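First the structure, in the form of structure tokens, and then the observations on it.
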Amino acid sequence: MASSSLVRIAVVGDIHDDWDLEEDTKALQFLKVPLSSVSIDPMCAVSIRLWSLPSNLLPAPIGDFDNENDKLVQNVAVLKLPKAVILGNHDSWSTQQFSSNFVLDNLMISNPGHLLMIRKKDRVQLQLECLGQEHVGYKRLDFPLLKLSGVGGRPFSCGGQQLFRKKLLSARYGIQEMDESAKRIYEAALGTPEDHLVILLAHNGPTGLGNELNDICGKDWVFEGGDHGDPDLAQAISLLKQTATFSIPLVVFGHMHRELAHGNGLRKMIVVGTDDIIYLNGAIVPRVRPINETSLQASNSNGTNRAFTLVEISNGQVDKISESWVSVLGNETTLEEEHILFESNRQSSL
């Protein structure tokens with residue numbers, strides 16, 4: 001990475017309807033300020049925001065906005081910042097097949113001898129149109145000012161060994177098997193500028209990161225656990241490690257919520273690989289909570305605390321990762337809580 005400037009990534013995973021354009025914009029503008037300059041007592045699938053201090057900000061949501069809620073996705077898309085987005089399984093919750101740019105409905109008109117073909121776009125198509133080139137599923141999006149490229153994994157992933165929404169993937173991307181998906185992810189990264197870092201952005205993480213129910217992609221809904229990662233993403237990463245000349249310091253995803261099923265505690269959200277790649281799960285769900293009335297804030301307020309997982313990268317390496325809750329109360333924004341998850345001088349895995 002040629003530039004020595006600090007790049008900060010704000011991960012917001014698995015929104016699940018917890019997005020407010022006005023309040024999240026205020027929180028993101030607040031987070032553009034270096035945290036070291038914020039004088040407060042400090043105390044985490046898809047969305048991500050990247051920026052280079054002091055003024056460049058780049059959001060990149062990582063899916064599961066809501067169950068095919070195209071209105072909410074539009075609300076994210078109009079955020080006046082460059083961004084990289086990947087849609088998740090809930091963003092294709094009802095649509096199971098996808099025909100070109102639209103689905104055709106057959107409707108009979110008054111003359112029974114004629115058939116009128118009405119072009120009706122399904123909600124997956126509407127979401128993709130809202131996002132345009134900022135949806136990085138099976139694509140690469142370059143950010144020259146940051147010397148950084150975002151490479152997207154398989155969109156609409158639900159985790160595990162089977163392709164989710166196979167008909168949709170086949171119709172839109174020509175993908176029918178895991179090996180084809182892995183190749184497409186790998187090929188998306190080819191051609192990355194030599195002086196860029198690559199951040200892999202997926203809805204679900206790769207296989208190979210643990211089998212326990214509290215592991216970063218572990219099955220928490222069954223007693224025996226198991227690895228629920230995406231095998232195609234793991235295969236693509238393996239191929240890139242063998243052949244790529246660029247650095248991949250970070251793989252970011254969501255889907256596997258931090259709070260485990262059946263009240264079994266919290267999930268590990270970071271894994272530092274033996275190859276020094278950091279795997280980060282940003283699925284803090286829910287990511288919005290009302291301001292605690294016992295806090296210093298006004299007890300009759302309608303303010304919220306909003307979660308972001310912040311990643312700071314300097315000189316091509318991840319320096320710090322923290323779970324940060326930003327309080328938004330009217331026009332006042334403050335850092336309510338900060339939990340350090342990783343620092344380069346003391347590698348952590350939580």
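The values are calculated or read from the model by the stated rules, or taken from the named source; none is laboratory data. In this text, all values refer to a predicted model and were calculated from it rather than measured experimentally. To get the accessible areas, we keep the full protein, side chains included, count just its heavy atoms, and leave off ligands, DNA and RNA. Shrake-Rupley method; radii C 1.70, N 1.55, O 1.52, S 1.80 Å.
Can we say His257 is open to solvent by 30 Å² or more (accessible area, probe 1.4 Å) and either among the small types (Gly, Ala, Ser) or outside any loop (DSSP other than H, G, I, E, B) (or both)? No; evaluated as a whole, the condition is false for this residue.
Can we say His262 is under 14 Å from the mean Cα position of the chain (by Cα), open to solvent by 10 Å² or more (accessible area, probe 1.4 Å) and not acidic (Asp, Glu)? It is false that His262 is under 14 Å from the mean Cα position of the chain (by Cα), open to solvent by 10 Å² or more (accessible area, probe 1.4 Å) and not acidic (Asp, Glu). Scanning segment 73-91 for residues that are open to solvent by less than 10 Å² (accessible area, probe 1.4 Å) and at pLDDT 85 or above turns up Val73, Val76, Val85, Ile86, Leu87, Gly88, Asn89, Asp91. Residues considered: Asp215, Asp195. Of these, the only one that is modelled with pLDDT under 95, open to solvent by 10 Å² or more (accessible area, probe 1.4 Å) and either aliphatic (A, V, I, L, M) or not in a strand (DSSP E or B) (or both) is Asp195.
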